[in-house]
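**Student:** Here it is, the structure in full.
The values are calculated or read from the model by the stated rules, or taken from the named source; none is laboratory data. From a predicted model like this one, the values you see are computed outputs, not experimental measurements. Cβ atoms come from the backbone with ideal geometry, glycine included; neighbour counts cover every protein chain shown.
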Amino acid sequence: MFQYQYTEIKPLTTAHLAQTMALLTLSIDELQQEIDAQLAKNPALEIIEERRCPACHKRLPPKGKCPICSKPSTEHPDEPVVFLSPREDFYQPSGATHQDVPEDQFSAAVEELPTYVLRQIAPELKENERIIAAYLLTHLDEDGLLSIPLIEAAQYFHVPMSTMKEIQTKIKKADPIGVGSCSTQEAMLIQLELISEQKSIPEYATEIITNGDHLASKRHYPDIAKKYNLPVKQIHDIVKFVGENLNPFPARSYWGNVRQPAPEAVQVYRQPDIIISYLNEDPENPLSVEIILPTFGTLQVNPLFKTSIKEADQEKVDDWKKDLDKASLFVKCIQQRYNTIQRLMQKLVVYQHDFILLGDKYMKPITRASLSEELSVHESTISRAVANKTIQLPNKKIIPLAGFFDRSLNVRSVLKEIIEQEKKPLSDAKLVQSLQARGYKVARRTIAKYRAMEGLLPAHLRQPNA
DNA sequence: CTATGGCACGGATT
DNA sequence: AATCCGTGCCATAG
């Protein structure tokens, strides 16, 4: 069934356990840093090159043939293949497949907004500026905000911050006004600026947004009013204006609940830890689950180091022995990490099969606790394994692995469907009934929350559908 | 009076 | 022990 079983790891010392747990919570980027650090200070560790399958370029298991080419598992199309892969495959997706997949197709899902924006501003940019703009635009999060510090980009391209800011400003003025801003405030300020060219804007609006005071709830208005020495009514009006005219998340075309998707908690996803895709990008093939390795080769204890330790000076032997122990422990811990994640994914992928292939609507709620029981590991192990990881689905969307445990995603997605299909806008209470008819039992108040989560407007603000 | 958002409580989950 | 999530109650807007 599964093509590539990782070897079970037997002995568990407390030190082993502690380090494994620490490593388990790390994302792939953090793990890479950790490995680099260990590699630098421990001479007993080394990385050896992998053997690759000449046809499909996938990493070969230590023994046997390539699981992809030599033994295609088309006999079991419903069962996922789980195997490990070096992260290189992520960067060279087309090189890693048998068929030629055009590169832009690979990133099509992610690049819709970026290319749209770039097309608008391209004419007014020089060639090198265009490259920088493209770089910035590929680092937008799902809300349309910049996911990297501007300085980082400036250093990367060796250009002064002033140039960087100029380019960013041009991006910000492009269609979803405010895209590429570093923060929600920045996005709103640029919107405010553009609006002010057409009509008048309330006094002090700029200051209030800069200080983030528009986020305050109503009972704090008196405090704010005092702060600016203005009547409460005016504060109220300004906040109302801000709410009606500005959009803190340029990529969303509407206001969600401002406090619900806490702006600073917006996650940035760059490198997925796990990739689920069809073998060789062909939907006819079974699914493959790649758990990305942070290294290009295999991390191992340097065998030369092992032998030479016998002939070493007596004084140094102690130190070397320590290094050796540390190294082998580290390698074991990392293997343990993969082992855990792999076992987790095997269960998860089978369980959420429909969700992975067919979308949000088919998400089956599952708790970490129940999974831990099935795998007979501690709950916290699952929690750690899921934490800080992202996963790329066959449709190229990258979501946090924790999304697999979303309790309400299926209901929310059905809710969205109902609203999309409704003729007249339905009130929350009516939506409760519609959902109940489809077998989902939810309270009225909860509908409101789900709407907010999905950024859907309340009934009286929605347009009647044709 | 109806629809919706805010706050807070309690149970489940981590 | 800390956090998350669904829900009930109440205030407020329309």
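**Student:** Could you say which residue among A:Lys397, A:Lys326 is modelled with pLDDT under 90, out of contact with any Lys or Arg (no Cβ under 7 Å at 6 or more places or on another chain) and closer than 30 Å to A:Leu304 by Cα?
**Tutor:** Going through A:Lys397, A:Lys326 in turn, just one is modelled with pLDDT under 90, out of contact with any Lys or Arg (no Cβ under 7 Å at 6 or more places or on another chain) and closer than 30 Å to A:Leu304 by Cα: A:Lys326.
**Student:** Further question: In the range A:431-442, is there at least one residue being modelled with pLDDT under 90 and more than 9 Å from DNA strand C (Cβ to nearest atom)?
**Tutor:** no
**Student:** Restricting to the range A:169-190, count the residues that are modelled with pLDDT of 80 or more and either polar (S, T, N, Q) or in contact with a Cys (Cβ under 6 Å, 6 or more places away or on another chain) (or both).
**Tutor:** Total satisfying the criteria: 2.
**Student:** Follow-up question, since we're still on this one. State the number of residues belonging to the range A:184-203 that are part of a loop (DSSP other than H, G, I, E, B) and surrounded by fewer than 16 Cβ atoms within 10 Å (Cβ to Cβ).
**Tutor:** 5
**Student:** For the structure I just gave you, tell me whether A:Arg412 is assigned to a helix (DSSP H, G or I), within 29 Å of A:Gln392 (Cβ to Cβ), among the basic types (Lys, Arg) and within 29 Å of the chain's Cα centre (by Cα). Before you say what the answer is, go through the steps one by one.
**Tutor:** Numbers: assigned to a helix (DSSP H, G or I): yes; within 29 Å of A:Gln392 (Cβ to Cβ): yes; among the basic types (Lys, Arg): yes; within 29 Å of the chain's Cα centre (by Cα): yes.
In short, yes.
**Student:** Residues in the range A:411-430 that are more than 15 Å from DNA strand C (Cβ to nearest atom), under 25 Å from A:Phe249 (Cβ atoms) and in contact with a Pro (Cβ under 7 Å, 6 or more places away or on another chain): how many?
**Tutor:** Number satisfying all stated conditions: 0.
**Student:** Looking at (1) over 16 Å from A:Glu186 (Cβ atoms); (2) at pLDDT 75 or above; (3) surrounded by fewer than 12 Cβ atoms within 10 Å (Cβ to Cβ), can you tell me which one A:Thr163 breaks?
**Tutor:** Condition (3) is where A:Thr163 drops out.
**Student:** To continue, here is another question. Would you be able to say whether some residue in the range A:409-425 is more than 28 Å from A:Ala369 (Cβ to Cβ) and either in the same structural domain as A:Tyr362 (by TED's automatic domain parsing) or near DNA strand B (Cβ under 10 Å from one of its atoms) (or both)?
**Tutor:** yes
**Student:** Can you work out which of the residues in the range A:431-446 that are touching a residue at least 24 places away in the same chain (Cβ under 8 Å) and outside any helix (DSSP H, G or I) is nearest to A:Val411 (Cα to Cα)?
**Tutor:** A:Tyr440
**Student:** When you look at A:Ile235, is it more than 16 Å from DNA strand C (Cβ to nearest atom), at pLDDT 70 or above and not in a strand (DSSP E or B), yes or no?
**Tutor:** Numbers: more than 16 Å from DNA strand C (Cβ to nearest atom): no; at pLDDT 70 or above: yes; not in a strand (DSSP E or B): yes.
Here the answer is no, as A:Ile235 does not meet what is asked.
**Student:** May I pose another question? Kindly evaluate A:Lys449 against the criterion of being modelled with pLDDT of 90 or more, part of a loop (DSSP other than H, G, I, E, B) and within 15 Å of DNA strand C (Cβ to nearest atom).
**Tutor:** In short, no.
**Student:** Also, quick follow-up: Just to be sure I understand the filter: pairs with C-beta atoms under 6 Å, separated by 6 or more residues or on different chains, first member in the range A:405-430 and over 22 Å from A:Thr367 (Cβ atoms), second member away from DNA strand C (no atom under 11 Å from the Cβ) and part of a helix (DSSP H, G or I). Which pairs pass?
**Tutor:** A:Lys416/A:Glu454; A:Ile418/A:Ser434; A:Pro425/A:Ala459; A:Ser427/A:Ala459
**Student:** Still on this structure: Looking at (1) assigned to a helix (DSSP H, G or I); (2) in contact with a helix residue (DSSP H, G or I) (Cβ under 9 Å, 6 or more places away or on another chain); (3) modelled with pLDDT of 75 or more, which one does A:Glu152 not meet, given that it meets all the others?
**Tutor:** Only one criterion in (1) assigned to a helix (DSSP H, G or I); (2) in contact with a helix residue (DSSP H, G or I) (Cβ under 9 Å, 6 or more places away or on another chain); (3) modelled with pLDDT of 75 or more is unmet by A:Glu152, namely (2).
**Student:** Which count do you get for residues in the range A:325-346 that are farther than 30 Å from A:Glu374 by Cα and crowded, with 20+ Cβ neighbours inside 10 Å?
**Tutor:** Residues in the range A:325-346 being farther than 30 Å from A:Glu374 by Cα and crowded, with 20+ Cβ neighbours inside 10 Å: 1 in total.
**Student:** Moving on. Applying the selection to the range A:338-380, what residues are at positive phi and either under 20 Å from the mean Cα position of the chain (by Cα) or in contact (Cβ under 8 Å) with a residue 12 or more places away in the chain (or both)? Spell out the reasoning first.
**Tutor:** Taking the range A:338-380 as the starting set, the residues that turn out to be at positive phi are A:359, A:376.
Residue satisfying the conditions is A:Gly359 alone.
**Student:** Something else: When you go through (1) aromatic (Phe, Trp, Tyr); (2) crowded, with 16+ Cβ neighbours inside 10 Å; (3) modelled with pLDDT under 65 one by one for A:Phe296, which number turns out not to apply?
**Tutor:** (2)
**Student:** Sticking with this structure for a sec: Name the residues in the range A:396-409 that are over 14 Å from the mean Cα position of the chain (by Cα) and either small (Gly, Ala, Ser) or surrounded by fewer than 19 Cβ atoms within 10 Å (Cβ to Cβ) (or both), would you? Step through it out loud before you land on a result.
**Tutor:** Applying the first criterion (over 14 Å from the mean Cα position of the chain (by Cα)) to the range A:396-409 yields A:405-409.
Of everything in the range A:396-409, those that are over 14 Å from the mean Cα position of the chain (by Cα) and either small (Gly, Ala, Ser) or surrounded by fewer than 19 Cβ atoms within 10 Å (Cβ to Cβ) (or both) turn out to be A:Asp406, A:Arg407, A:Ser408.
**Student:** A:Ala459 - would you say it is within 12 Å of DNA strand B (Cβ to nearest atom) and buried (at least 18 other Cβ atoms within 10 Å of the Cβ)? Walk me through how you get there before you give the answer.
**Tutor:** Numbers: within 12 Å of DNA strand B (Cβ to nearest atom): yes; buried (at least 18 other Cβ atoms within 10 Å of the Cβ): no.
It is false that A:Ala459 is within 12 Å of DNA strand B (Cβ to nearest atom) and buried (at least 18 other Cβ atoms within 10 Å of the Cβ).
**Student:** Exactly one condition in (1) within 15 Å of DNA strand C (Cβ to nearest atom); (2) touching a residue at least 24 places away in the same chain (Cβ under 8 Å); (3) outside the structural domain of A:Gln342 (by TED's automatic domain parsing) is false for A:Asn388; which is it?
**Tutor:** So A:Asn388 meets the others, but not (3).
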